[in-house]
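Data block below; observations after.
The values are calculated or read from the model by the stated rules, or taken from the named source; none is laboratory data. Keep in mind the model is a prediction, meaning the values are calculated, not measured. Neighbour counts run over all protein chains shown; Cβ positions are idealised from the backbone, glycine included. SASA here: full protein model, heavy atoms, side chains in, ligands and nucleic acids out. Shrake-Rupley method; radii C 1.70, N 1.55, O 1.52, S 1.80 Å.
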Number of protein chains: 2
Amino acid sequence: MRIGVIGSGAVGLYFGARLQLAGHDVHFLLRRDYEAITASGLTITSPAGDFRLERVKGFRTPGEMGKVDLVLVALKAFANMHLVEMVRPLLQDDTAVLTVQNGLGNEELLAEAFGVERVLGGVAIVGANRGEPGVVHHLTYGAIRLGELGGGLSPRAERLAAMVDAAGIRCEAVADLRKIRWEKLVWNIPFNGLCALTGQTPGRLLAHPSTRRLIAAIMAEVIAGGNAQGLSEPIPTHGYIEEVLARTERNSGDYRPSMMIDRLEGRPLELEAIYQIPLQHAAKRGVEMARVEMLQALLDLGEPGKDDGAA
Amino acid sequence: MRIGVIGSGAVGLYFGARLQLAGHDVHFLLRRDYEAITASGLTITSPAGDFRLERVKGFRTPGEMGKVDLVLVALKAFANMHLVEMVRPLLQDDTAVLTVQNGLGNEELLAEAFGVERVLGGVAIVGANRGEPGVVHHLTYGAIRLGELGGGLSPRAERLAAMVDAAGIRCEAVADLRKIRWEKLVWNIPFNGLCALTGQTPGRLLAHPSTRRLIAAIMAEVIAGGNAQGLSEPIPTHGYIEEVLARTERNSGDYRPSMMIDRLEGRPLELEAIYQIPLQHAAKRGVEMARVEMLQALLDLGEPGKDDGAA
C-alpha cells in the first residue's frame with residue numbers, strides 16, 4: 001500500500017518505519033530530519049529489536065509526495081492550522097485518512113474538509129522519543145486501536161487494522177471511536193499536563209500521596225465527562241482507575257509524556273485537543289471538570305507569549 | 001505596655017517597630033537579624049514615611065525577655081511546633097496572646113496550651129518584605145482586625161485595637177474572628193499558592209484570562225467553605241469576588257505574597273495553616289474545595305524532600 005505520513009515526530013516516524021519494513025511504500029513529509037533521513041536513512045531503536053531503513057522516501061512538501069492510498073496523520077495537534085493543506089495534495093478518490101493524533105477534534109477537522117467517509121481515527125499507545133536527526137527511540141508499548149469517524153465496524157477499518165498489525169504494531173478495529181478517544185484522555189489529561197506543569201515523571205507523581213490522589217480525581221472527572229457523551233458502553237470508574245495507576249507505575253513510571261517534552265523544549269502544548277475541546281464536550285453535556293479546567297489554566301499561563309498580558 | 005514579639009519576619013518587625021515608636025516597651029525575639037538590630041537598630045521604609053529605631057531590645061531566647069503584658073505572635077506557621085515553648089516563658093497571670101499569623105489553627109494551638117481566655121487572633125492586611133538585616137520595607141496597607149478566640153466583642157479586644165490603632169496601624173476589634181480569618185483566606189488561598197506555584201505576581205495571574213477565572217473559582221470555593229462554618233453573617237459571593245480582584249489589581253499587582261517569597265528562597269510553605277486545616281474544616285461541613293485541594297497537592301509536591309518518594 002502506498003502510504004503518506006504527515007507529521008514526522010517520534011510517533012509518525014516509528015509507525016511509518018514499521019510499515020515500510022513490512023513492505024509498504026511509505027512517503028514521509030519531513031522537516032527537522034529531512035537532511036539526515038534522505039542522506040542516511042532512518043534508525044529505530046526498540047525493545048523488540050533495533051532496525052535501520054537505508055533508503056527512505058522523504059519530502060519537504062506534500063505536493064512532491066504524489067497521491068497515496070492512506071494518509072497517516074501524526075502531526076502535533078498544535079500545528080493543525082496547516083493540516084488540511086498538507087493532506088489535500090495526497091488524496092485520490094478512495095484515499096483514507098487515519099489520524100493518530102492526540103486528543104479530540106482532529107477527525108472533525110479532516111471531515112469538514114474532506115468528508116466524514118474518508119476519515120478514521122486511531123488511538124496510539126506507544127512510548128517513543130526522537131533522538132538525534134534520523135534516530136527514533138521506541139521505548140514501550142506500540143499499539144493502535146482505530147475506528148471510523150462515522151462509527152461502526154467497517155470492512156475498511158478491519159483491513160487497515162490487519163495491515164498495521166501485520167507490520168508489527170498491535171492493532172484492532174473498534175466500532176466506537178469516541179470511546180477509545182475518551183479512554184486515552186483518561187491517561188493523557190492528568191499525566192501529560194501534570195508532568196509538563198511540574199517537570200516530574202508519572203512515577204514521581206504517583207509516589208507522592210497528594211498528587212496520586214489528584215491524578216485519580218482528575219481521571220474520575222474525565223470518565224464522567226466521557227460517559228456523558230453517550231458512549232456505546234460506559235468507561236468504568238473505581239477499579240479501572242486503580243488499574244491504570246498500577247499499570248502506569250509498572251510500565252511508564254520514568255516515561256516522559258510528549259507534552260512534558262514539548263514544554264521542556266519550549267514548544268507549544270497540545271492544549272486545544274487534549275484540554276479545551278474535551279472541556280467543551282463535557283460542558284455541553286452538563287459535566288464540570290473543575291480540576292481539568294484548572295490544569296488547563298495553569299498550563300496555558302506558561303505558554304509562549306501567554307504570560308505577557310500585564311507587561 | 002510591655003510587649004513581646006515572637007516571630008520577627010517582616011510583619012512582626014514592622015508591627016513591633018510601630019508599637020515601639022508609639023512609646024511601648026517592645027521586646028523582639030530575633031534570629032537572622034539579631035546582630036544587625038542589637039548593634040545598629042531597626043530601619044523601616046514606608047510609604048507613610050521612613051523611620052529608624054536606634055535602640056531595640058532584641059533577644060535570642062524567650063527566657064531572656066521576661067514577662068510581658070501582650071505577646072504578639074507573627075511566626076511563620078510552619079514553625080508552629082516551637083510556638084508553645086516560645087510563648088510560655090513570657091506569660092504572667094493576665095498576659096494576652098495575639099496571633100497575627102496566616103491561616104487557621106494558630107489560635108487553637110495556643111488555646112490548647114494556655115487556655116482559650118488568653119488568646120486573640122488578628123488578621124493582618126499588610127504588604128512588607130525584609131531587606132538586608134535590620135531593614136524592613138513596608139510596601140502597602142497596614143491594618144489589623146482582631147477578635148477573641150472565644151468570640152464576642154470584649155473590652156480587652158477593644159482596648160488592644162485602640163492601642164494598635166494609636167500606633168499608626170489601622171485596627172478594629174470584631175466579634176467574629178472566624179469570619180475575618182475566612183475572609184482573609186479568600187485572598188490568601190488563591191494568591192499565595194498560585195504565585196508560589198507559578199512564580200508569577202498577582203497582576204500577571206489576573207491579566208491572563210484563564211488564571212483570572214481560576215482565581216475567581218477558587219475564591220468561590222473558599223467562600224462556600226467559610227460560609228458552611230456558620231459565620232455570624234455569610235461572606236458575599238459574586239460582587240465581592242470581583243471587588244477583591246479589582247482591588248488586588250489596583251493595589252497589589254506587583255506584590256509578591258509571602259508564600260511566593262518562601263518558595264523562591266527555598267523555605268517551607270505554610271501549607272497546613274493556609275490549605276490543610278481550611279480543607280479539613282470545609283470537608284467536616286460537607287463542602288468539597290476541589291481546586292483548593294488540587295493547589296495544595298501541587299504545592300506539596302514541590303516541598304523540600306517531598307518529591308523524593310520515587311527515588
Fill in: Relative pair counts by distance (%), Cα atoms of chain A, 10 Å bins
6, 27, 36, 24, 7, 0
Worksheet item: Can you work out ³J(HN,Hα) from phi for every residue in the stretch B:60-68, in order, using Karplus 6.51 cos²θ - 1.76 cosθ + 1.60 and θ = phi - 60°, giving whole Hz and x for Gly and Pro?
Response: 8, 9, x, x, 6, 6, x, 6, 9
Worksheet item: Sequence-distant or interchain residues sharing an amide H contact under 5 Å with A:V71, placed H: which?
Response: A:G4, A:A96, A:V97, A:L98
Item to complete: Please report the relative contact order for the stretch A:162-311, taking Cα pairs under 8 Å with a sequence separation of at least 6, and give it as a percent rounded to a whole number.
Response: 30 percent
Discussion item. With the cut-off at 1.5 for a/c, could you classify the stretch A:213-277 from its C-alpha gyration tensor as rounded, prolate or oblate?
Written reply: oblate
Worksheet item: Going down the table (A:K184/B:K284; A:K179/A:K284; A:K284/B:K284; A:K184/A:K284), which pairs top 27 Å between alpha carbons?
Response: A:K184/B:K284; A:K284/B:K284
Worksheet item: How much mean residue ellipticity at 222 nm does chain A get from its helices, if each DSSP H run of length 4 or more adds -39500 (n - 2.57) and you divide by all residues, to the nearest 500 deg cm²/dmol?
Response: -13500 deg cm²/dmol
Discussion item. Testing the spin-label approximation: label points 7 Å from Cα along Cα→Cβ at B:R285 and A:R170. State their distance in nm.
Written reply: 5.1 nm
Discussion item. Per residue, how large is the accessible surface of the protein assembly as shown? Use a 1.4 angstrom probe and give square angstrom.
Written reply: 41 Å²
Practice prompt. Could you tell me what percent of the accessible area of the stretch A:179-301 is made up of carbon and sulfur, with a 1.4 Å probe and every protein chain present?
Written response: 48 percent
Worksheet item: What are the distances, in nm and sorted shortest first, from the label point of A:P236 to the label points of the same position in each other copy, with each label point placed 7 Å from Cα along the Cα-to-Cβ direction?
Response: 5.1
Worksheet item: Distances from B:G49 to the same residue in each other copy, label points 7 Å out along Cα→Cβ, in nm, shortest first?
Response: 8.7
Item to complete: Please sort through the DSSP H helices of chain A and keep those with an alpha-carbon extent of at least 30 Å along the long axis and a Kyte-Doolittle average not below -0.5.
Response: A:177-198
Fill in: Pair B:H82, B:V116: separation of 7 Å Cα→Cβ label points (nm)
3.1 nm
Worksheet item: Dividing the Cα convex hull volume of the stretch B:2-175 by residue count, how many Å³ per residue is that?
Response: 100 Å³
Worksheet item: So which residues in the stretch B:211-239 end up with at least 20 square angstrom less accessible surface once the other protein chains are there, compared with the chain by itself, probe 1.4 angstrom?
Response: B:T211, B:L214
Worksheet item: Any idea of the total accessible area buried by the A-B contact, 1.4 Å probe, rounded to 100 Å²?
Response: 2300 Å²
Worksheet item: Under the definition of Cα pairs under 8 Å and six or more residues apart, what whole-number percent is the relative contact order of chain B?
Response: 15 percent
Worksheet, complete the sentence: Heavy-atom accessible area of the stretch A:2-175 with neighbours in place, 1.4 angstrom probe: carbon+sulfur share in percent works out to 52 percent
Item to complete: May I ask you to report, in nm to one decimal and beginning with the shortest, the distances from B:G152 to the same position in the other copies, taking label points 7 Å along Cα-to-Cβ?
Response: 7.8
Worksheet entry | Percent of beta bridges antiparallel (DSSP, the protein assembly as shown, rounded to nearest 5) | 35 percent
